[in-house]
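Some notes on the structure that comes next.
Computed from the coordinates by the stated procedures, all read-outs in this text should not be read as laboratory data. What you see is a predicted model, and the numbers here were worked out from it, not measured in a lab. Note: ideal-geometry Cβ built from the backbone for every residue, glycine included; neighbour counts use all protein chains shown.
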Amino acid sequence: MIELRDFRDEDVHDLFRWRREPEVDRWMYELPPGQFDEHQKWFDEHRADPKRRGWMITLNGAPCGFLHLYGISRTQRRAQWGWFIGEAEARGRGAGRAAQALGLDRAFSEFDLHKVWSEVPAGHETALKAQATAGFRREGYLRRHAFKNGEFRDVVLLAILSEEWAAKRDSVRRDLVASRLIAA
Ligand SMILES: CC(C)(COP(=O)(O)OP(=O)(O)OC[C@H]1O[C@@H](n2cnc3c(N)ncnc32)[C@H](O)[C@@H]1OP(=O)(O)O)[C@@H](O)C(=O)NCCC(=O)NCCS
């Protein structure tokens, strides 16, 4: 069963390991943290930032990933979306989609947002497909937008509006409940 829970101090260690994991790092804009101190600073700043809100994704109670809203604007009623499944064995089994449904519920109910948007590296089919399943729609394409490890990458802009999630929510949740990925 997939759930979201608030950060605890000790989560800093899982997050350090995951951010340095090649399959996670591969899709991030920034380089992974080199030193633990640098990562601890990132974690502390993340928790203190009123424009960010993050959760640990848990699988049967054990942390397996991270999901956050950032650039939260209460006036514009939008935020950007970021997530990863850090534990390799939890990937490709629906955990990301389950966490996504739980995260969208929180974004649109707890934060009263109207729009959640994301930047996905072009060619990242797993992420693009998972986000399309929840109702994210393509809003743009940024050519040669991200530079990392000596290469420029294209980026796809995706977004979902609160009414689009409201229209999809029941069917998405029904499938996830039937697969025992989330609680009814
Ligand atoms: C992108 C990412 C978050 C997606 O999470 P995930 O758990 O791997 O992906 P999903 O939840 O979509 O599951 C993937 C596959 O499991 C399948 N699946 C298996 N059982 C399923 C179930 N019961 N319910 C739904 N999907 C299921 C899905 O159909 C999907 O396969 P498909 O793409 O061939 O259709 C994750 O792969 C990840 O963290 N990758 C590395 C870091 C990263 O890319 N972060 C995002 C940057 S934009």
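Points worth noting:
- Close Cβ contacts (under 7 Å, 6 or more residues apart or on different chains) running from residues in the stretch 11-27 that are charged (D, E, K, R) to residues that are surrounded by fewer than 15 Cβ atoms within 10 Å (Cβ to Cβ) comprise GLU23/ALA88.
- Test: residue in the stretch 53-73 that is of a type in the set (Lys, Arg) and surrounded by 15 or more Cβ atoms within 10 Å (Cβ to Cβ): yes
- Across the stretch 74-85, the number of residues qualifying as farther than 15 Å from GLU110 by Cβ and in a strand (DSSP E or B) comes to 5.
- Candidates LEU142, LEU113, filtered to the one that is of a type in the set (A, V, I, L, M) and farther than 23 Å from ALA167 by Cα: LEU142
- Strands (runs of 3 or more DSSP E) lying entirely in the stretch 112-184 (those with 3 or more residues that are within 10 Å of the ligand (Cβ to nearest atom), free of Cβ contacts under 8 Å to residues at least 12 places away in the same chain and closer than 25 Å to GLY92 by Cβ): none
- Condition check for GLU38: away from the ligand (no atom under 11 Å from the Cβ) and more than 15 Å from the chain's Cα centre (by Cα): yes
- Scanning the stretch 64-78 for residues that are small (Gly, Ala, Ser) and away from the ligand (no atom under 13 Å from the Cβ) yields GLY71, SER73.
- Here the condition is being among the basic types (Lys, Arg) and farther than 26 Å from LEU161 by Cα; of ARG53, ARG97, ARG26, it holds for ARG26 alone.
- Selection within the stretch 79-106 - free of Cβ contacts under 8 Å to residues at least 40 places away in the same chain, surrounded by 16 or more Cβ atoms within 10 Å (Cβ to Cβ) and either farther than 17 Å from ARG19 by Cα or more than 11 Å from the ligand (Cβ to nearest atom) (or both): ALA79, GLN80, GLN100
- Residue pairs whose Cβ atoms lie under 7 Å apart, separated by 6 or more positions or on different chains, with the first residue in the stretch 34-52 and under 15 Å from ASP9 (Cα atoms) and the second not in a helix (DSSP H, G or I), are HIS39/PRO33; TRP42/PRO33; HIS46/ARG52; HIS46/GLY54; ARG47/PHE7.
- Taken together, the criteria place GLU125 among residues that are closer than 29 Å to ALA62 by Cβ and exposed (fewer than 15 other Cβ atoms within 10 Å of the Cβ).
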